[in-house]
Amino acid sequence: MMRAGGWFVTAAVAVAPVGATAQQAAGAAKKPAYFASITAAKARMRTGPGRTFPASWLYVRPGLPVRVVDSFKEWRKVEDPGGTQGWMLKALVGQTRTAIVIAPQPIEMRDKPAGTAVAWRAAPGVVGKISECGGGWCRFDVKGQAGYVEQRDLWGVEQGEVFP
């Protein structure tokens, strides 16, 4: 009797630290959210990380920025500019940085950061590539028409983010 009880207590003590370590490792291994973009002409967002989960949205806008908030094997949990979250295959989400104009009116695309000359204007909902950001300005390229826009008018880049 004593032996069985002693073994049970030892096992319980040995298991407790292992479980705590696994939880700590899971928390530490989780990557922070990052921005990416949809690469495919048609991309399904699913309710869970697998093809057996129903599709909740069909995106037909390649280049649309998304925020990757979690991952599971070859699946990425993404958030779209409207705040909708769901799962997409990793192959449908690329590393190209894009952004969408979220200002309520057209924004001015300037020749240089804080410049006075307006090269172009971009309407709300326009998507473009982001190649650099700093000082509250980002270089925004819409199909070859490029200029600098204020970061606050875009979704797809964190306020204050600097790159490359």
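Restricting VAL60, VAL157 to residues that are touching a Pro at 6+ places or on another chain (Cβ under 9 Å) and among the aliphatic types (A, V, I, L, M) narrows the list to VAL157.
Restricting attention to the stretch 137-151, the residues being in contact (Cβ under 8 Å) with a residue 40 or more places away in the chain and not hydrophobic (A, V, I, L, M, F, W, C) number 1. Using the structure shown, decide if GLY82 is surrounded by fewer than 15 Cβ atoms within 10 Å (Cβ to Cβ) and over 17 Å from TYR34 (Cβ atoms). In short, yes. The residue of the stretch 115-144 that is farthest from PRO49 (Cα to Cα), among those that are of a type outside the set (Ser, Thr, Tyr) and open to solvent by 70 Å² or more (accessible area, probe 1.4 Å), is TRP120.
Please find, within the stretch 85-95, the residue that is most open to solvent (accessible area, probe 1.4 Å) out of those that are in contact (Cβ under 8 Å) with a residue 24 or more places away in the chain and under 12 Å from the mean Cα position of the chain (by Cα). That would be GLN95. Of all residues in the stretch 90-103, at least one satisfies being closer than 25 Å to ALA146 by Cβ, of a type in the set (S, T, N, Q) and not in a strand (DSSP E or B). Of the residues that sit in the stretch 39-69 and are of a type in the set (A, V, I, L, M) and in a strand (DSSP E or B), which one is surrounded by the fewest Cβ atoms within 10 Å (Cβ to Cβ)? The selected residue is LEU58.
The values are calculated or read from the model by the stated rules, or taken from the named source; none is laboratory data. This one's a predicted model, so the numbers in the text were calculated from it and none came from an experiment. Cβ sites come from the backbone with ideal geometry, for glycine too, and all protein chains shown count toward neighbours. What goes into the accessible areas is simple: the full protein's heavy atoms, side chains included, and nothing from ligands, DNA or RNA. Shrake-Rupley method; radii C 1.70, N 1.55, O 1.52, S 1.80 Å.
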